[in-house]
Amino acid sequence: MNNKPKCVGVLTAGGDSPGLNAALRGLGKTAMGVYGMQVIGFRDGFRGLMENRTVHLEDATLSGILTTGGTILGTSRDKPNRMPIGGKLMDMTDVMVDTYHKHLLDVLVCMGGGGTQKNAFLLAKKGLNIITLPKTIDNDVAMTDVTFGFDTALGIATDAIDRLHSTAHSHHRIIIVEVMGHNAGWLALGAGIAGGADVILIPEIPYQVEIIAEAIRKRSREGKNFSIVAVSEGAMSCEEYRIRKALEEKLAAAGSKSAKKEIESKLQELETQRTGHAFVLAQQLEMMTNLEARVTILGYLQRGGTPSAADRLLATRLGTAAVELIQQGVSGVMLAVRGDRVEPIPLEEVVGKRKLVPLDHPWVQSARNVGVCLGD
Ligand code: F6P
């Protein structure tokens, strides 16, 4: 029997997310303190793995980080198979495989969102032992009930909506608050409900401006001369949705590389036009309601700072549970949250999927029941 202590590599990739340090601490302390494993951190996600930039993790490195935001390892959005190098995109997967072997790693733990699951799977397909943990403020990773980082961001966005209420009320204004979430509406919907927004717009439910305007006018008629509109950064009007869907269908059917490229550039153009879409909505609503409108974009505030208690707890559970899997020799999986348990899910069942808000989700129903306008 091989009694050599295992050697664990770890990296954090994609957008930073509150709870990453708690997960690194949970993983490191359990691996080293309970099982005597060695733990090597790689800086800045997959780029650090490629460039072999390491941090030797020890107890002292992991002390005092439970409550801190960001990630002590640093992160990046670089992908193994499309790494920008000298102005070109290069496939550097094999170089990462070499780094893994150079350090005699038994396993590499990758903490990240949907993109990281996909990137980690590329390495698993090259024969590396990979375990992933689901983190993102967007809560859109498939096959897990929740991701760490979401609860903190939800709290920050809710607090912001709370604060915007008194100023909207005092000035009889519409305040449009743009919430992150990429193409998923979890954050805007959750914070909108918790913060008592009057209108919530999410990517899963394309909106009609006239319907929003009428909901705001109705509130005015009832003597409520202000409204809070929580809009997800990925929300879009019905018209925009139709154009996008048509382009996506065309892309799926396109035969030649050049046809694909042309459609992709049109989709990219649409994406660029979206910058500032909250301001366009504000102008439209001002004209249609006779109320002044203001925009607040929460942006990176939602990702920064101290993780909530729920995220610290979740990240610690996932970090420590990952070590139990390593000890059992399990790999090729993401550790998912299922009810009150954490379970390993094969990576191939996770990658290429995104967990969007189902239209019949209880949060959607609750929002409608309390009179929130969802723009449809
Ligand atoms: O995935 C987390 C997230 O904050 C999304 O909500 C947002 O769309 C994106 O990252 C922003 O990405 P970046 O940090 O690359 O600007």
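Is it the case, given these coordinates, that D340 is away from the ligand (no atom under 16 Å from the Cβ) and modelled with pLDDT of 95 or more? Considered against the rule, which asks whether it is away from the ligand (no atom under 16 Å from the Cβ) and modelled with pLDDT of 95 or more, D340 comes out as no.
Counting only helices (runs of 4 or more DSSP H) that sit wholly inside region 271-373, those with at least 1 residues that are in contact with a helix residue (DSSP H, G or I) (Cβ under 8 Å, 6 or more places away or on another chain) and of a type in the set (F, W, Y) are 362-369. Per the conditions (1) open to solvent by less than 10 Å² (accessible area, probe 1.4 Å); (2) β-branched (V, I, T); (3) farther than 26 Å from G48 by Cα, the sole criterion not satisfied by V146 is (1). For region 201-215, the candidate set comprises residues that are within 16 Å of the ligand (Cβ to nearest atom) and of a type in the set (A, V, I, L, M); within that set, the residue that is farthest from G14 (Cα to Cα) is L201.
Check T75, T54, T67 and return the single one that is within 16 Å of the ligand (Cβ to nearest atom) and either out of contact with any Ser or Thr (no Cβ under 8 Å at 6 or more places or on another chain) or β-branched (V, I, T) (or both). Exactly one of T75, T54, T67 is within 16 Å of the ligand (Cβ to nearest atom) and either out of contact with any Ser or Thr (no Cβ under 8 Å at 6 or more places or on another chain) or β-branched (V, I, T) (or both), namely T75. Among residues that are over 23 Å from H169 (Cβ atoms), open to solvent by 60 Å² or more (accessible area, probe 1.4 Å) and in contact (Cβ under 8 Å) with a residue 40 or more places away in the chain, D376 is included.
Among the residues making up region 274-295, those that are within 16 Å of the ligand (Cβ to nearest atom) and either surrounded by fewer than 11 Cβ atoms within 10 Å (Cβ to Cβ) or over 20 Å from the mean Cα position of the chain (by Cα) (or both) are T275, G276, H277, A278. Residues that are within 15 Å of the chain's Cα centre (by Cα), open to solvent by 10 Å² or more (accessible area, probe 1.4 Å) and aliphatic (A, V, I, L, M) within region 157-191 comprise just one, M180. Restricting the first member to region 348-362 and to residues that are on the phi < 0 side of the Ramachandran plot, and the second to residues that are open to solvent by 80 Å² or more (accessible area, probe 1.4 Å), the beta-carbon pairs closer than 6 Å and six or more apart or on different chains are V351/K118. Scanning region 42-62 for residues that are touching a residue at least 24 places away in the same chain (Cβ under 8 Å), more than 23 Å from D94 (Cα to Cα) and either not in a loop (DSSP other than H, G, I, E, B) or not aliphatic (A, V, I, L, M) (or both) yields E58, D59, T61, L62.
Results for (1) of a type outside the set (F, W, Y); (2) touching a His at 6+ places or on another chain (Cβ under 8 Å); (3) surrounded by 18 or more Cβ atoms within 10 Å (Cβ to Cβ); (4) at pLDDT 95 or above, shown as yes or no for each residue.
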{"position": "N2", "(1), (2), (3), (4)": "yes, no, no, no"}
{"position": "P18", "(1), (2), (3), (4)": "yes, no, yes, yes"}
{"position": "N21", "(1), (2), (3), (4)": "yes, no, yes, yes"}
{"position": "L27", "(1), (2), (3), (4)": "yes, no, yes, yes"}
{"position": "T30", "(1), (2), (3), (4)": "yes, no, yes, yes"}
{"position": "Y35", "(1), (2), (3), (4)": "no, no, no, yes"}
{"position": "E58", "(1), (2), (3), (4)": "yes, no, no, no"}
{"position": "L62", "(1), (2), (3), (4)": "yes, no, yes, yes"}
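Of all the listed residues (G155, G114, G190), the sole one being within 11 Å of the ligand (Cβ to nearest atom) and either more than 18 Å from F42 (Cβ to Cβ) or at pLDDT below 95 (or both) is G114.
Would you confirm, using the coordinates I've provided, whether T306 is away from the ligand (no atom under 15 Å from the Cβ), closer than 28 Å to K224 by Cα and among the hydroxyl-bearing types (S, T, Y)? So T306 fails the test.
Restricting attention to region 216-234, the residues that are within 16 Å of the ligand (Cβ to nearest atom) and either open to solvent by less than 40 Å² (accessible area, probe 1.4 Å) or of a type in the set (A, V, I, L, M) (or both) add up to 4. Among residues of region 122-145 that are more than 15 Å from A13 (Cα to Cα) and away from the ligand (no atom under 16 Å from the Cβ), those with a beta-carbon under 8 Å from a residue that is at pLDDT 95 or above and charged (D, E, K, R) at least six positions away or on a different chain give the pairs K126/D94; N129/D106; M143/E349; M143/K353; M143/K355; D145/R338.
The values are calculated or read from the model by the stated rules, or taken from the named source; none is laboratory data. Only a predicted model underlies this, so the values are computations on that prediction, with no experimental measurement involved. Cβ: placed from backbone, ideal geometry, glycine included. Neighbour counts: every protein chain shown. Please note that ligands, DNA and RNA were not included when accessible areas were found on the heavy atoms of the full protein model with its side chains. Shrake-Rupley method; radii C 1.70, N 1.55, O 1.52, S 1.80 Å.
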